[in-house]
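Derivation of every value follows stated rules applied to the coordinates shown; laboratory data play no part. Everything quoted here is computed from the prediction, not taken from an experiment. Here the Cβ positions follow ideal geometry from the backbone for every residue, glycine too, while neighbour counts run over all protein chains shown.
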Amino acid sequence: MMISFQAVGAQGELRKPALARILRPALGLIVPVGLAVAWELAVKLGLSNGRLVPPPSIILSTFADLAATGELQRHAIVTLMRVAAGFGLGVVFGTLVGAITGYSGLMHRLIDPTLQGLRAIPSIAWVPLFILWFGIFEKSKIILIAIGVFFPVYLGVMGAVLSVDRKIVEVGRVFRLSGPAMVRRILLPAVMPAYVISLRAGLGLGWMFVVAAEFMGASEGLGFLLTDGQQLGKPAQIVAAIVAFALLGKLTDWIIASAAAPFLRWEDAFARR
Amino acid sequence: MLVLDRVSKTYPNGVRALEDVSLQVAAGELLVIIGGSGCGKSTLLRAASGLDTPTQGRVLLDGITIAAPHERIGILFQEPRLLPWLRVADNVGFGLEGRPRAERDKRVAFAIERVGLTEKARVWPRELSGGQAQRVAIARALVTRPSVLLLDEPFSALDAFTRAELQDHLLDLWDEARPILVLVTHDIEEALVLGSRIAIMRSHPGRIAGVIDVPLPRPRDRLSAAFDEQKRRVLKLLDSTLKRQAHKAPLHDFQI
Ligand SMILES: Nc1ncnc2c1ncn2[C@@H]1O[C@H](COP(=O)(O)OP(=O)(O)OP(=O)(O)O)[C@@H](O)[C@H]1O
Ligand SMILES: [Mg+2]
């Protein structure tokens, strides 16, 4: 009696989450899809001319046209390269400086206050100075992006190293690990989760700053499509570029997340419960 | 033979955690240390393991000075301290890296089986219960076959049933390899079930108040009259240690 009752209960419980798993994300789609459809209808029915806020169909066709001519890809690749270069620089320096200040108390006291001070400056405020120093072309753009990426990575790595459990490090000492072995077998795996989070935060800022960088004068890139759309009064082009940003941002974030996943399986085991 | 030779440890904040502690533990002996909270038991084990260096005195293993962790000395901390990013089997094999794969696998499998966790070998530490985690930690400490094993309140966080089970495990393991075993506990029964000798510590500063033999045959029966008698004996000793300590200790030792 008891057993059969439990079995039915367990099955019922299994079925419910399966259904809910499909339905729950679908719930989130109702509002945006509903709004899009409503706007499309409003324009179709002549309630609005949709000139400043183009309906979804126009945006889609603009997107498709830009893609068909290869324009979209050309601009997207330029922007992607800028983000990649700035992200790479920011990550390298953020990781190095964060590891050093996290590891050494002296370096922390020496460097961290300055960096925290610099961090308080809204990075866009550097733009005029960067243009003076590095010119209006690629160099100043990439450096601006790198600065945006640097701070979250720096903070993440420093915090992760500082918060490595001393008790776990002692386990390494008990087994007489050498310095490099301690880094490889204890410190690296211990900071990995926080590091991945800081990389993803850094990437997000990288995408934010590439827009700012391309606003400061560019003849190519998705940011150029934005300003170009504004100057020529083509809102559909602006929204198409925004969609491209969203897709690329999501894609690159997904790449980092899935590249890191094998190293964080032990955390997954925890999250799944 | 593990020797603590007039070991003193004063922490940088001025706490005299150990003063003039001398102990000798012979091969194959199981010494239990009991004493109140904060009397310096963990400090003593850490000094014996080479993790911390004493302010004065020295630790010797078969005549060799121990000033840093040594491959023949294993220590089991009060908490399991498993590495969360390694599966159970890899945690157990942590101290065996650099040895041939086959040998490692064999020894790990054996150690895991010994603590009764074979079916958990591929599981992450987070999926273990507290008692299982502690057993993994025991396996990890034993797999390198240390000739000295230092155990800091290994079972104190466990329920009575798991504790008794693990005490039996430990005695079996000790019977097989006969390492020097030093075990810290708050629990008088545990001390009497396990110990060949019991060292009683007093605090402020941490000292050995006395060491007694446990004249009980093994396996020990907690319900026997002889066991009860020994228990009363140890309780009396603890009581008088506490009284002497309260009597002798200057007032400021009790201020917090
Ligand atoms: N790292 C440290 N720095 C300063 N003082 C310490 C440190 N570790 C321990 N102490 C102090 O030294 C004394 C002995 O501590 P210890 O941890 O050895 O006690 P214990 O006997 O193991 O206690 P418990 O049974 O509660 O684990 C205590 O008064 C404690 O406050
Ligand atoms: Mg302790």
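Before moving on, here are some points about what is shown:
- Loop trypsin sites (Lys or Arg not before Pro), the stretch A:140-191, which have at most 14 other Cβ atoms in a 10 Å radius of their Cβ (DSSP): A:ARG176
- Assuming charge only on the beta carbon of Lys and Arg (+1) and of Asp and Glu (-1), the dipole of the stretch A:134-261 about its Cα centre is about 660 debye to the nearest 20.
- Using a simple spin-label model with pseudo-atoms 7 Å out from Cα toward Cβ, A:LEU251 and B:ILE212 lie 7.7 nm apart.
- Volume of the Cα convex hull of the protein assembly as shown, divided per residue and given in Å³: 250
- Here is the P(r) of the stretch B:2-255: all C-alpha pair distances, binned every 10 Å from 0, give 7, 30, 34, 22, 7, 1, 0 in whole percents.
- When the listed pairs A:LYS250/B:LYS120; A:LYS141/A:LYS250; B:LYS9/B:LYS231; A:LYS167/B:LYS41; A:LYS167/B:LYS9; B:LYS41/B:LYS243 are checked against a 28 Å cut-off, the alpha-carbon distance exceeds it for A:LYS250/B:LYS120; B:LYS9/B:LYS231.
- Taken residue by residue and averaged, Cβ atoms of other chains lying within 10 Å of the Cβ of A:163-176 number 5.
- Per-residue extension of 0.36 nm, minus the Cα-Cα distance of B:ASP52 and B:ALA102, leaves a gain of 14.6 nm for this segment.
- For the stretch A:64-142: rounded, prolate or oblate by the Cα gyration tensor [a/c cutoff 1.5]: prolate
- Peptide B:76-84 has a mean shielding of 4, counted as Cβ atoms of other protein chains within 10 Å of each residue's Cβ.
- Of all aspartates and glutamates in the structure, the ones whose alpha carbon falls short of 16 Å from that of A:LYS234, not counting any fewer than 8 places away in one chain, are A:ASP65, A:GLU71.
- Normalised contact order of chain B, rounded percent, pairs of Cα under 8 Å and 6 or more residues apart: 25
- For chain B, complete DSSP H runs whose alpha carbons reach 24 Å or more along their own long axis and whose mean Kyte-Doolittle score is -0.5 or higher are B:160-177.
- Highest GNM mean-square fluctuation among A:GLU138, A:GLU170, A:GLU214, for chain A modelled with Cα contacts below 10 Å: A:GLU170.
- Here the sum of -39500 (n - 2.57) over DSSP H runs of 4 or more residues, divided by the residues of chain A, equals -27500 deg cm²/dmol at 222 nm, to the nearest 500.
- Shape of the stretch A:187-273, Cα gyration tensor, a/c cut at 1.5: prolate
- Rh (Kirkwood; distinct C-alpha pairs) - chain A, Å: 22.5
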